[in-house]
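Everything below concerns the one structure shown next.
Just so you know, all these numbers are worked out from the coordinates, no wet-lab data involved. If you're wondering where the values come from, they're calculated on a predicted model, not measured in any experiment. With ideal geometry, Cβ positions are generated from the backbone for all residues, glycine too; neighbour counts draw on all protein chains shown.
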Amino acid sequence: MKIKFLGTAHGVPLKDRFCSSTMLEFENCYYLVDAGAPAVDLILRDGKDINDLRAVFTTHAHLDHTVGLIHLTNLMSWYYIESSADFYLTNDMQKASYESVISAGGQRNFVYPERLRFHVTDPEAPYEDENIKLDYFKNGHMNNSYSILVTDKTTGKRVLFSGDFSGMLALSDVPKILSEQEIDVFVCEMAHFGVKELEPYLDTCKAKSVYFTHVFPLDKYDGIEALKDKYAFEIHSPSDGDIIEF
Ligand SMILES: [Zn+2]
Ligand SMILES: [Zn+2]
């Protein structure tokens, strides 16, 4: 699996970081997990064909994880008319809002439900196609918020996206799979709790590597750096544009 970090900022963009978005690249198509960054701009700058976008999965409704979908789906509606993709939002209100904000642009800005397929995520019936399979773990950040595990069906490699967790991890909502199974990559937010609150979960973490994004306040990067001496697994804090393959 090839992953490109499109946006690694916390809830507010920085001078060198967009908000949360990650691209998963496969031979015949690509996917996004969250779209808080200007997704369509970054896809085009990357030289990708909009028609090769297969699906977008969101961890929760906050705009720092979703706002890029508006421009992306708007352009897919009237300009990239050969494009077709699935968009998984996490509640009915956001699905309806996105559909209406696109339609509000007038006659040419219309949601074509056969091409632009907006869904409300059903964690009991997760997405699966020939490349990937998803598993959702409900977390306590807000109503209908999830951590998402993506499995590459060809290689069996797995990446877990934390989404956003509860404040100070008070709801103990780090998915248990992290301590129970050896997943390849854990992409973990670092804005709603301190390094100290996360350490008990890292102590039992079986992931081969952990990538910290969505970091706030920024001096927490020093705390992340210090973790590198403590744990056997790899620890990284990626920048926008960084690519990993595993
Ligand atoms: Zn967030
Ligand atoms: Zn959030």
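Listed values, structure above:
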| quantity | calculated |
| --- | --- |
| Inverse mean reciprocal Cα-Cα distance (Kirkwood Rh) of the stretch 206-246, Å | 11.2 Å |
| Amide H within-cut-off set for H141, under 5 Å, with H built and near neighbours excluded | S166 |
| Per-bin percent of Cα-Cα distances, the stretch 8-55 [10 Å] | 26, 54, 19, 1 |
| For q = 0.13, 0.20, 0.21 Å⁻¹, Debye-computed log10 I/I(0) when each Cα of the stretch 1-132 counts as one equal scatterer | -0.50, -1.23, -1.36 |
| Where trypsin sites (Lys or Arg not before Pro) fall in DSSP loop in the stretch 1-49, at most 13 other Cβ within 10 Å | K15 |
| Taking S179, S100 and counting other C-beta atoms within 10 Å, the order from fewest to most | S100, S179 |
| Mean separation of Cα contacts under 8 Å (6+ apart) over length of the chain, as relative contact order % | 17 percent |
| For the stretch 1-137, size of Cβ-based charge dipole, Lys and Arg +1, Asp and Glu -1, in debye | 500 debye |
| Viscosity 1.567 mPa s, temperature 4 °C, Stokes-Einstein D of the stretch 72-131 from Kirkwood C-alpha radius, µm²/s | 106 µm²/s |
| Vicinal HN-Hα couplings computed from phi for the stretch 36-43 (Karplus, 6.51 cos²θ - 1.76 cosθ + 1.60; Hz; Gly/Pro x) | x, 7, x, 4, 5, 4, 5, 4 |
| Degrees between helix 68-78 axis and first principal axis of the chain (Cα, 0 to 90, nearest 10) | 20 degrees |
| Using alpha-carbon coordinates, inclination of helix 92-103 to the longest axis of the chain, degrees | 40 degrees |
| Helix-only CD estimate at 222 nm, as mean residue ellipticity for the chain, using -39500 (n - 2.57) per DSSP H run (n ≥ 4) | -5500 deg cm²/dmol |
| Qualifying trypsin sites (Lys or Arg not before Pro) in the stretch 72-140, DSSP loop, other Cβ atoms within 10 Å at most 11 | R108 |
| Under the Karplus curve 6.51 cos²θ - 1.76 cosθ + 1.60, θ = phi - 60°, whole-Hz ³J(HN,Hα) for the stretch 189-202, x wherever Gly or Pro sits | 5, 8, 10, 9, 6, x, 4, 4, 5, 7, 3, x, 6, 5 |
| Two-site label geometry, D242 and F110: point separation in nm, points 7 Å out along Cα→Cβ | 4.5 nm |
| Loop-located GluC sites (Glu not before Pro) in the stretch 1-87, at most 10 other Cβ atoms within 10 Å (DSSP) | E27, E82 |
| Amide H within-cut-off set for V174, under 5 Å, with H built and near neighbours excluded | none |
| Karplus 3J(HN,Hα) series, Hz, for the stretch 5-11 with 6.51 cos²θ - 1.76 cosθ + 1.60 (x for Gly, Pro) | 7, 8, x, 10, 6, 6, x |
| Amide H within-cut-off set for L6, under 5 Å, with H built and near neighbours excluded | S21, T22, M23, G241 |
| The stretch 185-237-the stretch 54-88 distance, computed between alpha-carbon centres (Å) | 29 Å |
| For q = 0.18, 0.26 Å⁻¹, Debye-computed log10 I/I(0) when each Cα of the stretch 161-220 counts as one equal scatterer | -0.57, -1.21 |
| Taking only Cα atoms of the stretch 2-237, radius of gyration then Dmax in Å | 17.5, 58 |
